[in-house]
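Worksheet for the structure shown next.
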Amino acid sequence: MSRFGMDIDGVLANFDRGFLDVLNRVYGKEYTEEDLENKRDWDYFKTLEDLTLEQENDAFKYLGEWFWLRLEPYDQKAMLAISLLSEKHNIYFITDRHPNPTKELTLWQTRKWLEHFNISPAGVVLTKEKPQACKLLGLEYFIDDNVKNVNNINKTDTKCFVMNKSYNGKCKAERIYSIWDYISIIRGV
Ligand SMILES: [Mg+2]
């Protein structure tokens, strides 16, 4: 049976919205997702007015206890489709989420978040070493929105697609414009 992998934030979960809420709460800002429409870099401070790199990094201390559990999915119906696929295929979720408040609670919230959408993962992995994880798990395909991850995973036997975002336009890897296209790939194998 083929094995597939998926990143979560920026692919399934709207990390941007959650993080903007944190920035607004902590620094008294009024950022909205429209402010990110022209985001061309991974970092937020290069796009958002009056935000420094230090503030951006410090904000991770203030994510809140249930940050990961409360993130909204981009597409509810896509979650339903992935739930169905997860019953028939081995789908691994590999994320390098900030271990806040603790690594254990971040991992627990990630599992529960998937469970909430009736997704039965073959595994959930919290690691900065995504290429090694893809290799160890023998994944055929992966999808990620981070250019560095995509490029490094593509140096392994796993084929990694880049999820189309304004901030990863320079990535040369094969681009997926809608999560439904990746769902079709899994379905078709
Ligand atoms: Mg991501």
Can you compute the equivalent ellipsoid semi-axes for the chain, i.e. the square root of 5 times each eigenvalue of the Cα gyration tensor, sorted largest first and rounded to whole Å?
27, 19, 15
The FRET efficiency for residue 187 and residue 50, from their Cβ-Cβ distance with R0 = 45 Å and rounded to 0.05, is 0.50
What ³J(HN,Hα) values, in whole Hz, does the Karplus curve 6.51 cos²θ - 1.76 cosθ + 1.60 give for the stretch 5-16 when θ = phi - 60°, with x put for Gly and Pro?
x, 9, 7, 10, 6, x, 10, 10, 9, 7, 5, 3
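Filter the GluC sites (Glu not before Pro) in the stretch 1-47 to those in DSSP coil with at most 10 other Cβ atoms within 10 Å of their Cβ, and list the result.
The qualifying sites are 30, 37.
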Starting from the Cα of residue 180, move 7 Å in the Cα-to-Cβ direction to define the label point; list residues of the stretch 58-81 whose amide nitrogen is under 14 Å from there.
75-81
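Of the cross-linked pairs 29/135; 88/130; 88/135; 46/88, which ones have a Cα-Cα span greater than 31 Å in the structure shown?
Pairs exceeding 31 Å: 29/135; 46/88.
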Computed [θ] at 222 nm, helices only, for the chain once each DSSP H run of length n ≥ 4 contributes -39500 (n - 2.57):
-11500 deg cm²/dmol
Per-selection metrics, the stretch 15-62 (Cα): Rg and Dmax in Å:
9.6, 26
Taking 0.36 nm per residue of sequence separation and subtracting the Cα-Cα distance, how much length would be gained by fully extending the chain between residue 58 and residue 41, in nm to one decimal?
4.3 nm
In whole angstrom, how far apart do the alpha carbon centroids of the stretch 1-79 and the stretch 84-118 sit?
17 Å
Residue-wise HN-Hα coupling along the stretch 89-101, computed from phi with Karplus coefficients 6.51, -1.76, 1.60 (Hz; x: Gly, Pro)
10, 7, 10, 9, 10, 10, 9, 10, 3, 4, x, 10, x
Just rank 110, 47, 52, fewest to most, by other beta-carbon atoms within 10 angstrom.
52, 47, 110
Take the Cα of residue 80, step 7 Å along the line toward its Cβ, and report every residue of the stretch 117-142 whose backbone nitrogen sits under 16 Å from that point.
117-119
Those trypsin sites (Lys or Arg not before Pro) from the stretch 117-179 that are DSSP loop and have at most 15 other Cβ neighbours within 10 Å turn out to be 128, 155, 170, 172
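Only the coordinates and a few stated rules stand behind these numbers; no lab work does. In this text, all values refer to a predicted model and were calculated from it rather than measured experimentally. Heads up, the Cβs are rebuilt from the backbone with ideal geometry, glycines too, and the neighbour counts pull from every protein chain shown.
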